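Take a look at the structure below.
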Amino acid sequence: METLLLLFPQFSYMPPKEEAYFKMFGPVGLQTPKMKDDSSRQKDKERKSRLSLFLTKSGSHENVSPSKKTATTPSNISTEAALQWSDSFEELLKHSDGVETFSQFLRTEFSEENIEFWLACEEYKTIDSETKLLSKAKYIYTVFVESEAPKEINIDYHTKTAIKNSMAKPTKSCFEAAQMKVYSLMKKDSYPRFLQSDIYLRLTRRKGPGATMFRRRSRSCVFNDRGEATTEPSAW
């Protein structure tokens, strides 16, 4: 107490309650800056933690709900148009609505990077400017190809290495091998599941809310006058 009084002569006399508080907690004026400093550091930690979590989520497909990523299927797509998409995967990609609907389906499977990479490559092949070609090539490589890319596609090591080596002087065909592999994967794996998905079946009115249900024809068993069982066609 004597030491404190030497440091703080203004407290040479205090009422008993204040003196007891002073002995227990020390001068409030000294603690306030420290408390504020600790609080500031804690807020900084929380802010950095939230930023780290945001960057982690935005850079990967993990911890993302399919329902949040999937947009509502456009209601202006006709049944006839949607039915054409089942003719072939090539036919599906000819229609902008088909590509968009297929992209929505891929988002539910966390594989939308495949169609996005394919579309980026299609656009890349139309570029004539060497400057724009280089810029677009680096973009595609950074976003879809290099290891730990935010939308990394699933291609083999040799194909990935060949693309990496071509980045110094990219050509219009430098992504061609990777694009063909991704195209084949979508056609053989994703496309058949898309045709059986609720997203597509609702458009073709074969399943889903408000869809017209048709009862198939069957045969009913009847008995004639002699008690013999016969069958006759009957529509349900």
Ala168: net charge of surrounding residues, Cβ under 14 Å, Lys/Arg +1, Asp/Glu -1, itself excluded?
+2
Quick check on packing: order 104-111, 86-93 by the mean number of other C-beta atoms within 10 Å, highest mean leading.
104-111, 86-93
Past 21 Å, Cα to Cα: identify those pairs from Lys94/Lys164; Lys94/Lys188; Lys160/Lys181, in the order given.
Lys94/Lys164
Any chance you could run the full-extension gain for Asp156 through Lys138? It's 0.36 nm times the residue separation minus the Cα-Cα distance, nm to one decimal.
4.6 nm
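None of the figures in this text is laboratory data; all of them are computed from the coordinates on show. Values in this document were obtained by computation on a predicted structure and should not be read as measured data. Reconstructed Cβ throughout: ideal geometry from the backbone, glycine too, with neighbour counts over all protein chains shown.
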